Every structure is written in C-alpha cells, then in structure tokens.
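One structure is given below, encoded as structure tokens.
Please treat every number below as a calculation from the coordinates, not as lab data. All of these numbers come straight from a predicted model, not from anything done at the bench. Because the Cβ atoms are built from the backbone with ideal geometry, glycine has one as well, and the counts that use them run over all protein chains shown.
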Amino acid sequence: MTIEQPTHAEVTEATVATEAEMRPQAVPVNVYEAPEALVIVAPLPAVKAEDVTVELRPGCLRFWAHLRSSGPREYLVQEWEYGGYEREIELPEGYGGGVEASLARGQIAIRVLRGEAGELVSIHPTER
C-alpha cells in the first residue's frame, strides 16, 4: 500500500485554509511569583520561537503562535493542530516593567518583570 505525500504547495494551501477557519486553541498556564518577576509557563507543542509573539500591555500579557503546518490528512481522531495557540492573562499590580521569554522542548517560559507598566512591548521568545 503506497501513501501519496502531499506537495509543499498543497500543505501550504491547507495550512492557510485551516488557520482562516479555526479558533485559536486555548493554552493552559502555570503562573507564579519569583523575587523579580511574575513567571508564566505554558505548553506550546510543535511551534518554533519565530512562530510565537509575546505582547505586554499595561495590566495584560498576551501570547500566541500561528498555525505551523496543517497538511491535508484524513485523521481518525484530531484533537489539536500544530499551532494556532493564544492566551491572554490579566497581570497583578506591580508587574509590567519589561518582558522576557524563552521556548524550549515545546514549553514557553515568560517573565514579566516587576515595575511600572509602560507602552506596548512585543517580542519573540529566544529558542533554547
């Protein structure tokens, strides 16, 4: 039995169509206070750092990743996509002085530094 592989163009077309129709997947988080920052840790499987954006606004942190790939397949069970993630978190008072993020082994770690919230900051995590 031979399974025909989709072409790059077919995968690209299927990815664009899927992302246009899908709702971003909610991302569960763990949040804790460290001495100098609020730390947010969340799973982001199957994406790269350049796919992820972390945005810090006064009182709010938002991060998301675009759909990485959605090749045309006939799934028997499909419960998640390779990306299309999004989460927004309300920040407690005293956090917003800056933001740092890293992505490793399908997990993002974001540090929102203590301090006065400033203007909008948008970054991509470093890849570890």
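Brief remarks follow.
- Distance in nm between pseudo-label sites at Arg57 and Glu36 (7 Å out along the Cβ direction from Cα): 2.8
- Ranked by how many other beta carbons lie within 10 Å on average, peptides 113-121, 101-109 from highest: 101-109, 113-121
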